[in-house]
1. Kindly indicate whether residue 347 is aromatic (Phe, Trp, Tyr) and farther than 30 Å from residue 84 by Cα.
2. Collect the residues in the stretch 209-260 that are of a type in the set (Ser, Thr, Tyr) and more than 47 Å from the chain's Cα centre (by Cα), keeping them in residue-number order.
3. Kindly indicate whether residue 501 is touching a residue at least 40 places away in the same chain (Cβ under 8 Å) and of a type in the set (Val, Ile, Thr).
4. Return the residue satisfying two criteria in turn: it lies in the stretch 68-102 and is part of a strand (DSSP E or B) and in contact with a Gly (Cβ under 8 Å, 6 or more places away or on another chain), and of such residues it is modelled with the lowest pLDDT.
5. Where residues in the stretch 147-183 are under 19 Å from residue 230 (Cβ atoms) and part of a loop (DSSP other than H, G, I, E, B), which of them is farthest from the chain's Cα centre (by Cα)?
6. Being crowded, with 16+ Cβ neighbours inside 10 Å and touching a strand residue (DSSP E or B) at 6+ places or on another chain (Cβ under 8 Å) is true for just one of 236, 150. Which residue is that?
7. Looking at the stretch 361-371 only, could you name the residues that are at pLDDT 95 or above and either among the hydroxyl-bearing types (Ser, Thr, Tyr) or over 31 Å from the mean Cα position of the chain (by Cα) (or both)?
8. Would you call residue 433 assigned to a helix (DSSP H, G or I) and without any contact (Cβ under 8 Å) to a residue 24 or more places away in the chain?
Amino acid sequence: MASSTSLQVAGLASNFDWKSFTDQIMALEHAPADRLAAEQATNTQKSNMFEILGNKLGSLQKAVLALKADGVFGKRSASSTTSSSTWSPSVAASTAPGSYKIAVSQLATSAKHTGASDVGAALNPSADDVSGLTLATLPIGSPVTAGTFTVNGQKVTVALTDSLSSVFSAISTATGGDVTASYDHTTDKITFESATGNVTLGAANDTSNILRALKLANNGTDTVTSSAKLGSVKTTATLANANLGTAFTATGASSFKINGVSIAYDVTTDTVTSVLKRITDSTAGVTATYDAANDRFALTNTGTGDLGISASDDAGGLLASLGLTSGATFTRGKNAEFTVDGGPTLWSASNTLDSASHGITGLSVKVDSETTQTIQVAVDSDSMQSKIQTFIDKFNDVQDYLDTSTKVTSDGKGKVTAALLSSNREIQAWSRSLRSLAFGTIAGSGSVKRMEDLGIDFTTGTSKLEIKDASKLTAVLTGSSADVESFFHTDSTGFAAKLDTFVTSITAQNEESQKNITKTNASLDDQIAAIERRLAQQRAVMESAFINMETAQSKLKTQQSAISSLSSSSSSSG
C-alpha cells in the first residue's frame, strides 16, 4: 500500500493530474484579484504622473513668485565706461538711470599712531661684557642660525650655545688678530675693526646669518658698526621677560585703553603677541603691530578717513614701555575727495562713495585710483527678461505635460489611443484655466495690461507662450519698467498674484488626487489579500479531497489485487 506522503503526488493511484487541474481552477478563481492588481498598477502610474505634475507646478510657482519679488522690475545695472576699470559700482532700484562723471582727486587712507623706536632693552644695558649672552638667547630682531660666516676671507664657525664674547674671540683667532670685535652698551651696537686695512664681511657660501642678525654690513673702511641698536622686544616671551627698555610697574593683572576700550593683560602670563592680538580683536577699531626692523609698535585704524586714535594707560604703564605714549607720532588719515559732474569737491571717510557723500540715491562706487571715470546707470532689462523667459519656460512645461497626459489620438483607421489621464476632466480644465489666466487683462492705470503689451503671445495652435516681439519687450522693460512691475507685482490683482493663487489651488487638488489614489490602493490591497486567503483555503480543501481520492483508489487497487491473487490460488488447487 502506498504511503500517505506518496499519495500527494497527483495521479499516483488515480492516473489523474489533479494538481494541474487545481492550478487551473485557482487561476480562474484568481481573475478578480488579477483585475484588482491591474487597477492598482494603473493607479500607481497615475500617482506617479500626479507627482511629476506637482514638481512642474512647483517650478512654475517658483518662477511666478520671482516675478512678484520686490525690485525685480526696478533693477539697474552700473558700470564704468573706462576700459579695464577696477572701480566697483553698485546701484539700487531707486537709482535714476543716467551718466555720472566722478573725478577722484584723493583716496582715503587710515590714520596711524606710531610708537617710539628702539623700545627693546640693550643686549647688556649696564656693561660692555657680553660673555653671559649666548647666541640662542640674544634679544635681537632676527634669531641667529648656527653655521659659518666669513670675516676678511676667513671662516668662523658658530653654534647657538656660543656666547657673544666667544664669537668675538673666534673672529680674532680666525683673522690672526687682525680683526677685533667689541660691544658698546651705551649705543647697543657691535663694532668690527681691522688693524691693517678694510673689514670685508661675508661670502657666498656662508651658512650662518649672524652678520645680518647683528646688523653688520660692508662699508669699505676699516671699521664696521651695527647699523642700528641691537636689542629688541621678545614678542613670544611673557611681558615680564619681553626685554622692554622702559620698566613698567604692573606685577600681575592690569589694563590700558585704546580708543576708550579697556584692554586687560597679565604680565606673568600674557606675551607681547597675545596683547597685540587682543587689541586687534577688540572693538577699539585698530590693528596693533610690531615692526621688528625698527623695534617699535604701531596702531592703525581699521577704517579709513581723518579719524583720531587715543592710547592711555590705566595702570602699570605698559603702553609707555611699548613706546605708544611719550615719543609716539600720529599720522592723520585722509578723507577721499571727489567731484560729481564737475560740481563742488565732496568728501568721504571711506573709498566707497555712497549716497550719503554724493547725494545720488542708491549709487555706491568703491574707488581705488585717483582718476576720472564715468559711471553709466541703466535699466537692467536683461535681468528682467531672464525672469520672464524662465516663467514662460516653466509655464510651457506644465502645459506640455497636461496636454500629453490627457491626449486622445486616432490613427485614422479606427484605433484610438487615450493617455492615462484623458478621462480626468479636472486636469483638462486646469490647462484651459492657465491659458485663460495667461492672457487675461489686468486692471490698472499703467500701459501694460496684457501679455500682448509685452510682445508675448501663444504659439499658434498650442497652449504655450513665446516672446513674439523681442524688441517690443525690450522697449517696454527699458522705458516703462514701473508699468511692467505694476502688471506683475500688484497685490492680489496683479498677474503674478493671480497666477500664484491659481497654482496654489491646483497644487492642493493635485496632492489630494495623490492621497485618494493612495487610499484606493490600500483598499485594493485589503481586497486582494481577502481573495488570496479564500483561494488558499479553497486550494487546501481541493487538495485534501484529491488526496483522499488517491487514498481510496489505492486501497481499492490493493483489495482488487488481493482478490485476484486469491482467485488464482483457488483455481490452481482445484
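The values are calculated or read from the model by the stated rules, or taken from the named source; none is laboratory data. The shown structure was predicted, so the numbers you read here are calculated from the model rather than taken from an experiment. Neighbour counts are summed over all protein chains in view; Cβ atoms, including those assigned to glycine, are modelled from backbone coordinates with ideal geometry.
1. Judged against the criteria, residue 347 is not a match.
2. Selection gives 221, 223, 225, 226, 227, 246, 249, 251.
3. No.
4. Here the answer is 76.
5. Out of the qualifying residues, it is 162.
6. One residue alone meets the criteria, 150.
7. The answer is 364, 369, 370, 371.
8. no
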